[in-house]
Amino acid sequence: MSHPRAAGPTSPSTARAAAAWAPRVVVGAIVVALLLVGGTAFRVWQLGRVDERRPVDMIVVLGAAQYDGEPSPVFRARLQHALELYEEGVAPRIITVGGAAAGDAFTEAQAGEQWLVENGVPGQALLPVDEGRDTYESFEAVAAVAEQRGWSSAVLVSDPWHSLRSRTMADDVGLDATTSPTKRGPVVQTRETQLRYIVRETGALIYYHLTHGSSDFSDPGLG
């Protein structure tokens with residue numbers, strides 16, 4: 001009667017084969033990671049250079065820092081661009097988005113609404129949506145409001161390098177979204193600044209795809 005042969009130690013040839021393949025696996029993983037990061041960074045840069053404005057139901061301005069109701073330079077650049085789109089007739093209304101940091105008397109949405117009123121937009125054409133703890137939750141709140149009112153299409157206004165992540169999130173909550181990034185403000189002043197924001201947005205977008213959650217990788221000025 002035969003007995004199963006006990007597993008013996010790994011043969012020298014098997015060990016040599018494993019040792020030979022290990023560096024290839026590591027190199028392969030590094031190449032895949034570099035392609036993923038590089039491809040994502042290229043898409044962030046590419047969409048940031050595109051203006052997809054078209055007639056829509058609403059212009060959605062993503063919030064950024066505000067100081068006691070006064071929009072920061074980054075936020076003001078977005079609001080100015082949204083104002084131009086509104087005056088051009090891209091949409092009959094502007095949705096301002098963004099909550100408040102601890103201790104703030106104003107939300108980003110309220111500060112944006114106030115700035116737009118002061119610059120000639122009638123109050124009935126504005127709707128502040130200050131719900132949500134992060135960008136994704138803000139988009140969920142916008143989508144809920146839009147569904148209640150029968151709106152579906154939107155042009156998103158943010159900084160160029162935030163366009164891809166914001167459009168991805170908007171699509172995920174059911175909005176028919178395109179982007180029209182502002183071309184002014186601190187985020188686009190120098191090539192060094194642009195590169196820094198592209199790197200941050202690349203990390204934030206990869207994190208979002210992996211976890212389906214917003215990240216803190218991006219600068220607060222990016223919404």
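One table, with the values for the structure above:
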| quantity | calculated |
| --- | --- |
| Any hit, region 19-28, residues being among the charged types (D, E, K, R), modelled with pLDDT under 75 and open to solvent by 70 Å² or more (accessible area, probe 1.4 Å) | yes |
| Strands (runs of 3 or more DSSP E) completely within region 46-164 that count 3 or more residues being under 28 Å from HIS212 (Cα atoms) and among the β-branched types (Val, Ile, Thr) | 58-61, 94-97 |
| Selection count where residues are more than 12 Å from GLN66 (Cβ to Cβ), open to solvent by less than 70 Å² (accessible area, probe 1.4 Å) and in contact with a helix residue (DSSP H, G or I) (Cβ under 7 Å, 6 or more places away or on another chain), scope region 129-146 | 5 |
| Matching residues in region 163-172 - criterion: being in contact with a helix residue (DSSP H, G or I) (Cβ under 9 Å, 6 or more places away or on another chain) and open to solvent by 10 Å² or more (accessible area, probe 1.4 Å) | ARG167, THR168, ASP172 |
| Residue in region 78-113 that is most open to solvent (accessible area, probe 1.4 Å), counting only those that are over 17 Å from LEU127 (Cα atoms) and at pLDDT below 95 | ALA102 |
| Residues that are among the hydrophobic types (A, V, I, L, M, F, W, C) and surrounded by 14 or more Cβ atoms within 10 Å (Cβ to Cβ), drawn from region 173-199 | VAL173, LEU175, ALA177, VAL187, VAL188, ILE198, VAL199 |
| Filter result for THR193 (hydroxyl-bearing (Ser, Thr, Tyr) and either over 17 Å from SER72 (Cβ atoms) or touching a strand residue (DSSP E or B) at 6+ places or on another chain (Cβ under 9 Å) (or both)) | no |
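The values are calculated or read from the model by the stated rules, or taken from the named source; none is laboratory data. Every value quoted in this text rests on a predicted model; they were computed, and no experiment measured them. When we count neighbours, we look across all protein chains shown, and the Cβ atoms used for this are built from the backbone with ideal geometry, even at glycine. These area figures cover heavy atoms from the full protein model, side chains too; ligands, DNA and RNA do not enter into them. Shrake-Rupley method; radii C 1.70, N 1.55, O 1.52, S 1.80 Å.
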